[in-house]
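*Asks:* Shown below is the structure under consideration.
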Amino acid sequence: MSGEPLLSVENLQVSVAGQPVLRGVNLTVQRGEVHAIMGPNGSGKSTLAHVLAGRAGYQVTGGSVRYLGRDLLALAPEERARAGLFLGFQYPVEIPGVNNAYLLKAALNAIRRERGESEIDAFDFLTLVKARMQTMQIDEALLSRGVNEGFSGGEKKRNEILQMLVLEPVLAVLDETDSGLDIDALKLVARGINTLRSPERSFVLVTHYQRLLDHVVPDQVHVLARGRVLRTGGPELAQELERRGYDWLLEQAAA
Amino acid sequence: MQTLERIFSEYRHWQQGHPPETRRHVAAEQLRELGLPGVRDERWRYANLRALDRVQAFVPAAVAPLTPAPPEPLAGFARLIFINGQPASDLAAALPPGVSLLPASGQWYTLLGADERLALLQQLFGAEASVLRVEGSAQLEILYVAQGSGASYPALHLELAPGARLKLIERQVGTHEPGGLICPHVQLLIGAAAELQHYRIQTLGTESVLYETLSVQLAESARYRICQVALGAATARTTATVRLQGRAAAVDWHGLSAARDQQVNDCRVRCDHLAPDTHSTALFRGLASARARIGFDGDVHVVANAHGAKVRQSLRGLLEGSGSEVNLRPRLTILTDQIEASHGATTGQLDEQLLFYLLSRGLDPATARALLKSAFLGDALAAIDIAPLRRQVEHSLGAHLGDLILAGALT
């Protein structure tokens, strides 16, 4: 497996209800890299994130995705999660009645079992979670509440990052985690991501705006539009997009 | 022979061996006049009345020794046991301080409405109700055990003196042979400013047929909080009538039904707001799998002088399996302008978005589904504020549904 990218998306084609959304996406992510996926509304960014996580309702009509040397598309969503793939949701759901702490612990133990580790001790779990909550400035009282139940938009996004910090994924795909956040919450989310950056861990950040990338500097920026990656560049591409928008790229692609 | 005629035929034959009692005679007259309920009657629309036709014998079953192991007793609760409708031992000796056994009144029960007509079977064949009176504060558990074959007619008349407090657990347990019938009638009179917390747990065997009647009357500022859990029986029907007679009387009804296979479980709660500032809430959660049917009919009436009344209903059903049904009917009849009322009823399958969220966190599909089902029922379970009882119910629920109800998983 040495030398093989962590994630390799080749010519991925996806339809939703018979309509093509992704028309041949290519993306290669090495260990330790942060990739930003940007693009206008309806370009297929969230579709890509959900297909990577295994959500039902998307038909893969062509191409392949390899992750950790395995055919990612052949794995069930829970198998992907246990293999270290984490999806941060754009709209985290509320699950009234299901205890936040319980979900965190069940998720962590599912991953630990997959790695052949024993279940985490209750005390160690609380110590870990409380430390991570401090990083994200989340009130400990939220632990005993229902998952995202009654949380503000910002709290939900911070809770997604908290889950990521506890689960320590190999690859985190964050779908517009920065949307709807004020500047302080944005900094917290960025802090969470930066806390976890390491040579072994990779991130795919789906975002509309460059502002998150002021705080989390990506290795590569990809512009996704009309179901294809139109341009790939470094952090300066995000700044250029911020200045010029997407139209110039779309026009170039159409020419 | 029609079922009603068969009932009278059995009654005539059976009463020859018993001293005549006016109450039975009155009940027979009333039953003849009202007849048995039929499926065309909206109030019985979701009940399985065919099970009544298949009852083998309406005459009471003999008293039998207790054979199944009863549930673990709960600390602090005195326990009374009725087997096939009759006290298993001297009730008076088992009563806790604050609760006394009164002599049978010798009077017959006046129906609170035609809804209660199946309680007439209890009057016809059953013993007189055990009459208990509560003063001060008490905790009591009553276990109704059904076993063997035949019919049983438990009856309880319970009065709370003004200002009294009672936690009452009633359990219907046991395993009947096919064709048996359980037809209990419980009457509760809650005095002024008294408070009754009532937990009814039904975990009968899968052959049992239960038609139960619950009549509740509340005086001024009285409080009645009930959590009814229905898991067992082939057919189970609860007919409840709650009368908020005194100013500022209040009822909180929490119902939970989980039915599988071909179980039919329905509950009708008629709630009358008869005085100003009365409050009622009804929260119901029904989970039907395979070909099971669940019904809940919340029928609230607010009379013209009941100004300041508050009514809330939250009814939800969860379907698992293409042949399952949950029928929810929130109904409000309001004859005053000065009222706050809200109601909602929804039925559907498990939310795929929620399921995917849990799977994306590594939970296996079976655990994720069990967790969501537990959460769905959680609102109703939360009303069981006696921790060991809640654990017992969660255990029964897990065994019944074949899923784990995950300890510590719920808020």
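*Asks:* Mind listing the phi-derived Karplus ³J(HN,Hα) values for the range A:54-64, rounded to whole Hz, using 6.51, -1.76 and 1.60 with θ = phi - 60°, and x for any glycine or proline?
*Replies:* The phi angles translate into x, 5, 6, x, 10, 9, 7, 9, x, x, 8 Hz.
*Asks:* Considering the range B:154-215, what Rg and Dmax in Å follow from its alpha-carbon atoms?
*Replies:* According to the Cα coordinates of the range B:154-215, Rg and Dmax are 14.1, 44 Å.
*Asks:* Under 26 Å from the Cα of residue A:156, which lysines turn up, not counting those fewer than eight places away in the same chain?
*Replies:* Candidates past the 8-residue exclusion: A:45, A:105, A:130, A:187, B:373.
*Asks:* When the Cα centres of the range B:147-203 and the range A:154-177 are compared, how far apart do they sit, in Å?
*Replies:* 50
*Asks:* While we're on this one: Using only the Cα atoms of the range B:350-411, construct the convex hull and provide its projected area averaged over every direction, in square nanometres to one decimal.
*Replies:* About 4.1 nm², averaged over all directions.
*Asks:* A further question follows. From the helices alone, meaning DSSP H stretches of at least four residues, give me the mean residue ellipticity at 222 nm for chain A, per-run term -39500 (n - 2.57), in deg cm²/dmol to the nearest 500.
*Replies:* -11500 deg cm²/dmol
*Asks:* Could you tell me the center-to-center distance, by alpha carbons, between the range B:58-132 and the range A:83-134 in angstrom?
*Replies:* For the range B:58-132 versus the range A:83-134, the Cα centre distance is 49 Å.
*Asks:* Whole-Hz Karplus ³J(HN,Hα) for the range A:143-160, in order, using 6.51 cos²θ - 1.76 cosθ + 1.60 and θ = phi - 60°, x for Gly and Pro?
*Replies:* 4, 8, 8, x, 4, 6, 5, x, 6, 6, x, x, 5, 4, 5, 5, 5, 4
*Asks:* What is the set of long-range amide H partners of residue B:79 at a cut-off below 5 Å, with H atoms built 1.01 Å from backbone N?
*Replies:* B:141
*Asks:* How large is the Rg to Rh ratio of the protein assembly as shown when both quantities use alpha carbon positions and Rh follows Kirkwood?
*Replies:* Radius of gyration relative to Kirkwood radius: 1.09.
*Asks:* Same structure again: Which three extents, in angstrom, do the Cα atoms of the range B:205-328 have along their principal axes, listed largest first?
*Replies:* 45, 24, 19
*Asks:* Neighbouring Cβ atoms within 10 Å as the yardstick, rank A:115, B:200 fewest first.
*Replies:* With the sparsest Cβ surroundings first, the list reads A:115, B:200.
*Asks:* Among B:403, A:121, which comes first, second and so on when ranked by fewest other beta-carbon atoms within 10 Å? It would help to have the intermediate numbers written out before the result.
*Replies:* Working: B:403 17, A:121 9.
Least crowded to most crowded, the residues run A:121, B:403.
*Asks:* Here is a further query. Do the sum for chain B: with -39,500 (n - 2.57) for every DSSP H run of n ≥ 4, divided by all residues, what is the mean residue ellipticity at 222 nm, to the nearest 500 deg cm²/dmol? Walk me through the numbers before you get to the answer.
*Replies:* Details: 8 runs with 81 residues, N = 411.
Calculated mean residue ellipticity at 222 nm is -6000 deg cm²/dmol.
*Asks:* If you don't mind, there's one more thing I want to ask. Is the C-alpha gyration tensor of chain A telling us rounded, prolate or oblate? Criteria: a/c under 1.5 is rounded; beyond that, a/b larger than b/c is prolate, otherwise oblate.
*Replies:* Verdict is prolate for chain A.
*Asks:* When you take every Cα atom in the range A:157-224, what is the radius of gyration, and what is Dmax, the widest Cα pair distance, in Å?
*Replies:* Looking at the range A:157-224, its Cα Rg and Dmax stand at 11.1, 30 Å.
*Asks:* Let me ask you something else. Average partner chain C-beta neighbours within 10 Å, per residue of A:98-106?
*Replies:* Shielding by partners across A:98-106 averages 6.
*Asks:* Using the Kirkwood radius over C-alpha pairs as Rh, can you work out the diffusion coefficient of the range B:301-395 via Stokes-Einstein at 10 °C, viscosity 1.306 mPa s, in µm² per second?
*Replies:* It diffuses with D of about 97 µm²/s by this estimate.
*Asks:* Hey, another quick one. HN-Hα J couplings of the range B:7-14 from phi, Karplus 6.51/-1.76/1.60, θ = phi - 60°, integer Hz, Gly and Pro as x?
*Replies:* Taking θ as phi minus 60°, the curve returns 4, 5, 4, 5, 4, 4, 5, 5 Hz for the range B:7-14.
*Asks:* If you average over every viewing direction, what projected area does the convex hull of the Cα atoms of the range B:113-258 give, in nm²?
*Replies:* 7.9
*Asks:* Expressed in nm², what is the orientationally averaged projection area of the convex hull enclosing the Cα positions of chain B?
*Replies:* Mean projected area of the Cα convex hull: 19.8 nm².
*Asks:* Okay, moving on. Taking the Cα centroid of the range B:252-286 and of the range B:35-57, what is the distance between the two, rounded to the nearest whole Å?
*Replies:* 19
*Asks:* Continuing with this model, one more query. What's the average, rounded to a whole number, of partner chain beta-carbon atoms within 10 Å of each residue's beta-carbon in A:69-81?
*Replies:* Mean shielding by partner chains, rounded to a whole number: 3.
*Asks:* Now a separate question. Within a 10 angstrom radius of each residue's Cβ in A:86-92, how many Cβ atoms of other chains show up on average? Whole number is fine.
*Replies:* 2
*Asks:* Next question. Would you compute, for the Cα atoms of the range A:63-143, the largest minus smallest coordinate along each principal axis and list the three values in descending order, in whole Å?
*Replies:* That works out to 45, 32, 25 Å along the principal axes.
*Asks:* For chain B, modelled as a Gaussian network with Cα springs under 10 Å, which listed residue fluctuates most, B:208, B:257, B:324?
*Replies:* It is B:324.
Every read-out reported here was derived from the displayed coordinates using simple, explicitly stated rules and does not represent laboratory data. Worth saying up front: this structure is predicted, and the values here are computed from it rather than measured. As a convention, Cβ positions derive from the backbone with ideal geometry for all residues, glycine included, and neighbour counts pool all protein chains shown.
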